[in-house]
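Participant: Let me give you the structure first, and then I'll get to my questions.
A short reminder: the numbers here are calculations on the coordinates, not readings from a lab. Just so we're clear, the structure is a prediction, and the values are computed from it rather than from any experiment. Here the Cβ positions follow ideal geometry from the backbone for every residue, glycine too, while neighbour counts run over all protein chains shown.
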Amino acid sequence: MDNKIRSLGVDFGTTSVKAVLFDTDFNQIADTTLDYTLKTKGDIVELEPEKYWELMKDALAEIGKTSKIDCMAIDTQCETLILTDKDGNPVRDAIVWLDNRATEEAAIIEEHFGRKKVYDVTGQPEITATWPACKLLWVKRHEPEVWAKTERIFLLEDYLLFKLTGKFATEKTLQSSTIYFDINTSSWWKEMLDFIGVDESKLPELLNSGKYVGDYEGIKVVTSAMDQVAGAIGAGAVKEGVISEMTGTTMAIYVPTDKVPEYRADSIVPCHYSFDGSFALLSWSPTAGMALKWFKNAFLKDNSFRELDEMAEKIPVGSDGVVFLPYLCGSTMPKYNPDARGSFTGLTPEHTSAHFVRSIMESVAAILKSNLDYLEVPVDEIRIMGGGANSPLWCQMKADITGKKLQTLKMKETACLGSSILAGVGIGVYESVYSACEKIATDKVYTPSGADYTNVFENFKYYDNILNVKKGN
């Protein structure tokens with residue numbers, strides 16, 4: 001294996017692009033980050049497709065100033081939709097994944113198919129306005145002149161692959177939440193396509209992740225994976241028993257699995273197609289690190305996060321009875337309640353700001369355990385990412401409350417690394433994703449210390465049930 005081969009991983013986020021160039025031993029050679037702004041108006045979120053391509057070229061130019069790029073792959077968000085004519089010229093602005101205009105179309109699809117059938121075929125337990133099937137039906141119903149000109153239907157990674165190579169191709173993880181992709185057969189779901197009025201000829205060729213597509217100015221371009229899958233690969237969470245957890249603004253949990261769980265009417269946990277033809281459960285909470293940042297900015301703005309750690313470390317397990325519910329933006333999983341709100345309870349005059357800080361951290365650790373208990377999957381190890389991984393206290397809390405081994409990672413840009421690995425697989429630098437992931441460097445290891453968090457978790461569940469039970473559930 002020639003470590004002179006340089007593989008670029010590009011993570012195309014919602015408002016920024018990160019590109020990191022690695023050698024075959026995952027040493028970082030060069031990197032760049034470019035920010036951009038979406039066009040928003042109410043439920044409408046759009047961007048000119050050409051802007052995505054300009055950003056891609058700018059990132060390549062920036063990396064190329066100092067380093068040669070041998071191969072590359074791009075991970076993106078799943079549901080950003082780009083419609084073009086037969087030559088790939090956009091016929092309207094991209095409808096970004098956040099766009100929520102197609103609520104009526106989502107209801108039409110749900111009424112026709114029902115949630116169970118959609119889940120059984122696609123792994124998606126809800127039919128929401130963000131899914132591309134709903135967006136396409138919206139365009140067909142509301143913009144017939146655009147629909148008449150539409151000859152090619154792209155998602156964001158597809159569009160960038162086309163601009164780079166001229167090939168009309170996609171990869172299967174990206175299509176996993178379109179609700180017109182059958183994750184059981186890894187093929188288009190014709191019944192859904194017929195219902196929304198889309199001919200298969202307008203959809204790209206379906207490829208696996210890590211497949212060579214074509215060349216761009218001497219760079220070999222390879223299919224990547226949806227951003228969550230790429231991030232999991234970069235974290236080494238690629239087999240059952242090893243999961244990834246990111247505590248950033250939100251909490252995201254990625255759980256590899258060999259089978260699609262049975263449909264549960266009370267569950268909104270999606271099951272996605274994964275890079276190797278297996279599957280992955282994705283669970284998330286809208287408030288995690290955001291809660292600690294909110295408290296810091298509101299009440300301790302002169303303190304650093306490290307100082308907050310030091311304050312909380314002096315408080316005993318259980319925060320002397322203070323319990324925080326971290327629902328500043330409602331609750332999603334495992335309990336869906338958009339009307340849930342955050343609260344502190346159990347307060348006495350003896351409590352200080354340090355108690356509040358620790359109770360926030362304990363509540364996020366409790367959310368992690370709640371999700372793992374709900375998913376009912378075997379977990380041997382948790383690879384942790386995001387800003388929360390920088391707090392030794394928080395990491396130890398999570399190990400203690402879950403009873404699991406946690407490991408942090410030396411490489412923080414895991415999505416870029418995951419895409420870089422897939423690019424290397426696509427040109428034969430690595431035998432497989434699995435063999436490449438054996439080389440991923442972990443950093444600190446946290447194992448259960450014996451601290452008893454039983455009452456912390458029980459108190460969290462008690463107040464959660466009292467204060468935030470949604471009527472009708």
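Participant: Multiply the residue gap between SER278 and GLU54 by 0.36 nm, knock off their C-alpha separation, and tell me the result in nm, one decimal place.
Facilitator: Full extension of this stretch gives 77.2 nm more.
Participant: Further question on the same structure: Give, as a single signed number, the net charge of other residues whose beta carbon lies under 13 Å from the beta carbon of ALA169, with Lys and Arg counted +1 and Asp and Glu -1.
Facilitator: Here the count lands on +1.
Participant: For the stretch 313-342, state which trypsin sites (Lys or Arg not before Pro) are in a DSSP loop and have at most 13 other beta carbons lying within 10 Å of their beta carbon.
Facilitator: Those satisfying the criteria are LYS314, ARG341.
Participant: Between the alpha-carbon centers of the stretch 52-111 and the stretch 203-226, tell me the distance in whole angstrom.
Facilitator: Result: 15 Å between the Cα centres.
Participant: With the dipole of the chain worked out from charges on the C-beta (+1 for Lys and Arg, -1 for Asp and Glu) around the Cα centre, which of TYR263, SER201, TYR462 lies farthest toward the positive end?
Facilitator: About the Cα centre, the residue reaching furthest to the positive side is TYR462.
Participant: Just from its helices, what would the mean residue ellipticity at 222 nm be for the chain, if runs of 4 or more DSSP H residues each count -39500 (n - 2.57) and the sum is divided by every residue, rounded to the nearest 500 deg cm²/dmol? Mind showing how you got there, number by number?
Facilitator: Details: 15 runs with 164 residues, N = 473.
That comes out to -10500 deg cm²/dmol.
Participant: Let me ask something else about it. Within 10 Å of each candidate Cβ there may be at most 11 other Cβ atoms; applying that plus a DSSP loop requirement, which trypsin sites (Lys or Arg not before Pro) in the stretch 375-473 survive?
Facilitator: Sites meeting the loop and neighbour criteria: LYS410, LYS471.
Participant: While we're here: What is the spin-label model distance, in nm, from ASN89 to THR352 if the labels are put 7 Å beyond Cα along the C-beta direction?
Facilitator: Between ASN89 and THR352, the label points sit 6.9 nm apart.
Participant: Does the stretch 288-341 classify as rounded, prolate or oblate by the C-alpha gyration tensor (a ≥ b ≥ c root eigenvalues; a/c under 1.5 gives rounded; else a/b over b/c gives prolate, otherwise oblate)?
Facilitator: Note, shape of the stretch 288-341 comes out oblate.
Participant: Kindly express, to the nearest 10 degrees and within the range 0 to 90, the angle between helix 103-113's C-alpha long axis and the longest C-alpha principal axis of the chain.
Facilitator: 80 degrees
Participant: Let me ask you something else. Could you tell me the relative contact order of the chain? Use alpha-carbon pairs under 8 Å, at least six residues apart, and round to a whole percent.
Facilitator: 16 percent
Participant: With just the Cα atoms defining each centre, how far is the stretch 295-357 from the stretch 406-468? Give it in Å.
Facilitator: What the calculation gives is 24 Å, centre to centre.
Participant: Given a Förster distance of 45 Å, report the FRET efficiency between LYS405 and GLU217 from their Cβ-Cβ distance, rounded to the nearest 0.05.
Facilitator: After rounding to 0.05, the efficiency reads 0.50.
Participant: Can I ask one more? Looking at the stretch 188-229 from every direction and averaging, what is the projected area of its Cα convex hull in nm²?
Facilitator: 4.3 nm²
Participant: Suppose R0 equals 30 Å. What FRET efficiency, 1/(1 + (r/R0)^6) with r the Cβ-Cβ distance, do LYS444 and VAL377 give to the nearest 0.05?
Facilitator: After rounding, the FRET efficiency stands at 0.80.
Participant: Once both axes come from the Cα atoms, what is the angle between helix 49-64 and the longest principal axis of the chain, in degrees from 0 to 90, rounded to 10?
Facilitator: 80 degrees
Participant: On a 0 to 90 degree scale, rounded to 10, what angle separates helix 414-426 from the longest Cα axis of the chain?
Facilitator: 40 degrees
Participant: Follow-up question, since we're still on this one. What does the charge dipole of the chain about its Cα centre add up to, to the nearest 20 debye, if the Cβ of each Lys and Arg holds +1 and the Cβ of each Asp and Glu holds -1?
Facilitator: It works out to roughly 440 debye.
Participant: Quote the convex hull volume per residue of the stretch 205-265, based on C-alpha atoms, as a whole number of Å³. Can you show the working numbers first?
Facilitator: Numbers: hull volume 9.9 nm³, N = 61.
Value for the stretch 205-265: 162 Å³ per residue.
Participant: Also, quick follow-up: Of LYS51/LYS86; LYS335/LYS439; LYS293/LYS369; LYS39/LYS296; LYS116/LYS163; LYS167/LYS439, which ones are farther than 26 Å apart at the Cα?
Facilitator: Flagged as over cut-off: LYS335/LYS439; LYS39/LYS296; LYS116/LYS163; LYS167/LYS439.
Participant: Label the stretch 11-70 by shape, choosing from rounded, prolate and oblate, from the square roots a ≥ b ≥ c of the eigenvalues of the Cα gyration tensor; if a/c is under 1.5 it is rounded, and otherwise prolate applies when a/b is larger than b/c, oblate when it is not.
Facilitator: prolate
Participant: Here is a further query. Indicate the gyration tensor shape class of the stretch 120-233 (rounded, prolate or oblate), computed on the Cα atoms with a ≥ b ≥ c the square roots of the eigenvalues: a/c under 1.5 is rounded; otherwise a/b larger than b/c is prolate and the rest oblate. Present the calculation step by step, with values, prior to reporting the outcome.
Facilitator: Working: a/c = 2.06, a/b = 1.32, b/c = 1.56.
Oblate, because a/c is 1.5 or more while a/b does not exceed b/c.
Participant: Another question about this same structure. Give me the Å³ per residue figure for the convex hull around the C-alpha atoms of the chain.
Facilitator: 143 Å³
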